[in-house]
Amino acid sequence: MGGWQPLPEGLPPEVRHFVEQLRLLKDGTGLSLVALGARTAYSKSSWQRYLNAVQPPPRQAVVALCRVAGLAGADAER
């Protein structure tokens with residue numbers, strides 16, 4: 001997975017999968033974390049915490065990432 005740091009050991013499988021999917025979405029945008037922060041209400045530091053499984057993202061952050069990635073409706077809900 002590109003330049004991402006390894007996820008912490010002992011993460012529940014569903015959390016690992018969720019964060020990996022968020023990373024794929026973010027990578028698919030082609031945006032840096034700074035640019036992603038500029039396009040959402042969440043800072044670069046917040047995105048770093050969410051995408052490195054340090055802190056769970058709020059639902060609205062996930063919605064914002066989906067919007068930036070061009071996902072809507074059922075795709076975004078999934």
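The values are calculated or read from the model by the stated rules, or taken from the named source; none is laboratory data. Since this is a predicted model, take the numbers as computed values, not measurements. A quick note on method: Cβ atoms are made from the backbone with ideal geometry, for glycine too, and the neighbour counts reach across all protein chains shown. Protein only, heavy atoms only, side chains kept; ligands, DNA and RNA dropped before computing areas. Shrake-Rupley method; radii C 1.70, N 1.55, O 1.52, S 1.80 Å.
Kindly give the semi-axes, whole Å and largest first, of the ellipsoid equivalent to the chain, taking each as the square root of 5 times a Cα gyration tensor eigenvalue.
18, 15, 12
Lys/Arg Cβ at +1, Asp/Glu Cβ at -1, dipole of the chain taken about the Cα centre: which of 19, 30, 8 is farthest positive-ward?
30
Kindly report the accessible area of the chain per residue (heavy atoms of protein chains, probe 1.4 Å, no ligands, DNA or RNA), in Å².
Each residue of the chain exposes 63 Å² on average to a 1.4 Å probe.
How would you rank 6-17, 29-40, highest first, on the average number of other Cβ atoms within 10 Å across their residues?
In decreasing order of mean packing, 6-17, 29-40 become 29-40, 6-17.
At R0 = 22 Å, how high is the FRET efficiency between residue 44 and residue 67 if r is their beta carbon distance? Nearest 0.05 is fine.
In this case the efficiency is close to 0.80.
Ignoring any ligand, DNA or RNA, what whole percent of the accessible area of the chain comes from carbon and sulfur when the probe is 1.4 angstrom?
Ligands and nucleic acids excluded, carbon and sulfur give 54 percent.
For the stretch 24-78, calculate the relative contact order in percent as a whole number, restricting contacts to Cα pairs under 8 Å that are 6 or more residues apart.
The value is 37 percent.
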